[in-house]
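The values are calculated or read from the model by the stated rules, or taken from the named source; none is laboratory data. Keep in mind that this is a model prediction, so the values were computed, not measured. Using ideal geometry, Cβ is built from the backbone for each residue, glycine included, and neighbour counts are taken over all protein chains shown. What goes into the accessible areas is simple: the full protein's heavy atoms, side chains included, and nothing from ligands, DNA or RNA. Shrake-Rupley method; radii C 1.70, N 1.55, O 1.52, S 1.80 Å.
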Amino acid sequence: MFRSRSVQRSPLPWKLLAVAFIFLGITAISVAMTFAAIAVQSAVRSYVAGEGYWSKAQRDAAFSLYRYGQTGDREYLRRFEESVAVPLGDRSARLELEKPESDRAVAVQGFLDGGNHPADVPSLIWLYRCCHRLPQLQRTITYWRGGDAHILEMQAVARELQREIESAWPSEIRISELLTRVEDLNDSVHPLEA
């Protein structure tokens with residue numbers, strides 16, 4: 001009729017232990033999810049900052065090239081080449097990461113050439129490698145490729161403009177046509193940036 005106290009108390013510690021393990025498991029999962037969310041948000045922030053560098057460099061490149069065409073001052077051509085190196089660096093990183101067997105060192109150097117902060121580069125590489133096939137990132141990469149095409153075309157216009165300006169008899173009409181092309185390229189990049 002009387003039960004011993006040890007028999008009545010023994011199930012309670014096991015139940016508490018089971019609840020504690022469940023609580024610890026849920027807490028560990030919550031902490032892991034929080035750190036994962038922070039890592040993804042940090043990587044996305046790195047891409048947004050990188051896009052800002054890309055956009056500013058593209059605008060500076062267009063402005064410098066236009067001024068070079070107007071003045072013939074080679075300092076503006078130097079500034080153009082300096083500015084265009086930023087989007088070209090990001091492009092080289094993207095092209096390297098798209099390879100099945102990419103070289104991390106080449107991608108790192110490309111992102112650094114793109115003006116990205118060294119602390120952001122691992123996040124940029126990680127997010128691209130893990131998520132580049134997701135529809136949300138695919139759309140962004142499509143815009144990125146489109147912007148790169150404009151930059152490459154702007155480089156071609158710069159070479160042609162330099163040849164014309166440095167020729168024995170530069171044609172004002174041809175220079176004006178090339179400057180109009182620079183304006184058109186600059187205007188056509190804005191929707192991609194947005």
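Under conditions of 37 °C and 0.692 mPa s, the stretch 38-110 yields 240 µm² s⁻¹ as its translational diffusion coefficient, taking Rh as the Kirkwood radius over Cα pairs in the Stokes-Einstein equation. Using 1/(1 + (r/R0)^6) with R0 = 41 angstrom and r between the beta carbons of D184 and A49, what's the FRET efficiency to the nearest 0.05? Once rounded, the FRET efficiency stands at 0.90. Helix 104-113 and the longest principal axis of the C-alpha atoms of the chain enclose an angle of approximately 60°. Sites listed here are GluC sites (Glu not before Pro) in the stretch 84-133 whose DSSP assignment is loop and whose Cβ has at most 16 other Cβ atoms within 10 Å: E98, E101.
Computed 3J(HN,Hα) for the stretch 172-186, one whole-Hz value per residue from the Karplus formula 6.51 cos²θ - 1.76 cosθ + 1.60 where θ = phi - 60°, is 4, 5, 5, 4, 4, 4, 5, 5, 4, 5, 4, 4, 4, 4, 4, glycine and proline marked x. Neighbours of L112, meaning other residues whose beta-carbon lies under 13 angstrom from its beta-carbon, give a summed charge of -3 when Lys and Arg score +1 and Asp and Glu score -1.
Relative to the longest principal Cα axis of the chain, at what angle does helix 11-71 sit, 0 to 90 degrees, rounded to 10? That helix lies at roughly 0 degrees to the long axis. Across H117, H190, the residue with the most accessible area heads the list, and the full order at a 1.4 Å probe is H117, H190. Estimated from the Cβ-Cβ distance and a Förster radius of 41 angstrom, the FRET efficiency linking A85 and F35 is about 0.70.
Treating the angle as unsigned and between 0 and 90°, give the value, to the nearest 10°, between the Cα long axis of helix 121-131 and the longest Cα principal axis of the chain. For helix 121-131, the angle is close to 70 degrees.
Expressed in units of 2.2 N^0.38 Å, where N is the residue count, the Cα radius of gyration of the stretch 123-174 is 1.88. The packing ranking, built from the mean of other Cβ atoms within 10 Å per residue, places the peptides 30-41, 122-133 in the order 122-133, 30-41, highest first.
Among the protein heavy atoms, those of V19 account for about 90 Å² of accessible surface (1.4 Å probe, every chain in place). Net charge in the neighbourhood of E177 (other residues with Cβ under 13 Å of its Cβ; Lys, Arg +1, Asp, Glu -1) is -3. Computing Rg/Rh (Cα atoms, Kirkwood Rh) directly from the structure and comparing it against [x] 1.27; [y] 1.38; [z] 0.98 singles out [y].
Accessible area per residue for the chain, computed on protein heavy atoms with a 1.4 Å probe, is 63 Å². With the highest mean first, a sort of the peptides 150-156, 109-115, 139-145 on other beta-carbon atoms found within 10 angstrom per residue produces 109-115, 150-156, 139-145.
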